[in-house]
1. Which one of 86, 63, 129 is farthest out on the positive end of the charge dipole of the chain, using unit charges on Cβ (Lys, Arg +1; Asp, Glu -1) and the Cα centre as origin?
2. List the trypsin sites (Lys or Arg not before Pro) within the stretch 176-214 that fall in a DSSP loop (any state other than H, G, I, E or B) and whose Cβ has at most 15 other Cβ atoms within 10 Å.
3. Shape call for the stretch 93-133 from the C-alpha gyration tensor, a ≥ b ≥ c root eigenvalues: rounded (a/c under 1.5), prolate (a/b greater than b/c) or oblate?
4. Could you run the Karplus curve 6.51 cos²θ - 1.76 cosθ + 1.60 with θ = phi - 60° over the stretch 124-131 and give me ³J(HN,Hα) per residue in whole Hz, x for Gly and Pro?
5. Which percent of the Cα-Cα distances in the chain go past 28 Å?
6. Looking at the chain as a GNM with Cα springs under 10 Å, which of 247, 48, 286 has the largest mean-square fluctuation?
7. To the nearest 20 debye, what charge dipole does the stretch 1-153 have about its Cα centre, counting +1 at the Cβ of each Lys and Arg and -1 at the Cβ of each Asp and Glu?
8. Using every pair of alpha-carbon atoms in the stretch 49-112, split the distances into 5 Å bins beginning at 0 and state the percent of pairs per bin, rounded to integers.
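Readers should treat all values here as calculations from the given coordinates under stated rules, not as data from a laboratory. Since this is a predicted model, take the numbers as computed values, not measurements. No Cβ is skipped: glycine too gets one built from the backbone with ideal geometry, and neighbour counts run over all protein chains shown.
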Amino acid sequence: MTITNGTNVDAKTKPQYDPEFTANVLKATGPNSNSRVARVVGSLIQHLHDFARDVDLTVDEWMMGVNMINRAGQMSNERRNEGQLLCDVIGLESLVDEITNTQLIGADYEATKSAILGPFFRRDTPPTTNDTSIIKTMPKDGEVTYMHGIISDAATNEPIERVTVDIWQCSTNGLYEQQDPDQAEFNLRGKLTTDEKGYYGLYCLRPVPYPVPDDGPAGELLQLLDRHPYRPAHIHIIAGSNKYTPLTTQIFDRSSKYRDNDSVFAVKDCLVVDFKPIQGNPKATLELVYDIRLAKKDA
Ligand code: BEZ
Ligand code: FE
């Protein structure tokens, strides 16, 4: 389908569409609809109708969007979630993540901020021991990093024992292990538990920037918007224990390209970290110290 440069609707001559139309659609919702569903879908209908009127959306343009959503569904499976990726490139997952965490924790609470989960987490990662390496397939250009920190209570600063810390990252070719047959299973994934001092530690790679998969509708959208698909170098973290609100976040290398223009809008200043040269540790050339502050569930 070709895209024209718009319908050239002049503000003065802009057509007046049926002023009752949206109200009639909203009125169709029945009294037995769940109140949250009615509110969410009602607001969605209102905004979609306002948007269609605002841009004088044509049938061809609407159909192009419908086709994009259909193709995203058709190419999705357990390894690929194209619908989520479409939401990511328009910033929706990041926005919803911020809304959800603000509700759970409160905007002013000094807990570590969240960032989106992304599509490459594996729940079935086996437990790993502190201070071991998560590098199972070492790339030629990998820079081994000793990453460690203390997990503490955001309100009391007390260290928290027995927090489960999931960490995952892609290799230096920009691929996660499930995308790359040349990497061992669970390469660059760790599931650690903090000790009585709240300590976690592991050996990982300095992360690199990589493109989100751009061979589907999300990639087409990026092209249509004259945007690149790259994410800045980052490491994913999920930290949780039963008394604390689980934290899903990412940390970003300060020196990374794309830090100021992440294709999925996940970067927050407070999540930017420094990889520093390490001395006296034969297992690594870099060190990354990253402490995490968790909020109590009832905070
Ligand atoms: C990721 O960081 O793994 C990711 C996030 C959003 C879309 C694609 C990948
Ligand atoms: Fe990632």
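1. In the chain, that residue is 129.
2. Working: sites: 189, 191, 197; in loops: 197.
Qualifying residues, ordered by number: 197.
3. Numbers: a/c = 3.43, a/b = 1.75, b/c = 1.95.
Oblate is the answer for the stretch 93-133, as a/c is 1.5 or above yet b/c matches or exceeds a/b.
4. 8, 4, x, x, 10, 8, 4, 6
5. Values: 21860 of 44551 pairs.
Counting pairs separated by more than 28 Å, the tail of P(r) holds 49 percent.
6. Largest GNM mean-square fluctuation: 48.
7. Values: 14 positive and 21 negative charges, 91 e Å.
Using only the charged Cβ atoms, the result is roughly 440 debye.
8. Over the stretch 49-112, the share of Cα pairs per 5 Å bin runs 4, 14, 14, 15, 18, 13, 10, 7, 4, 1 percent.
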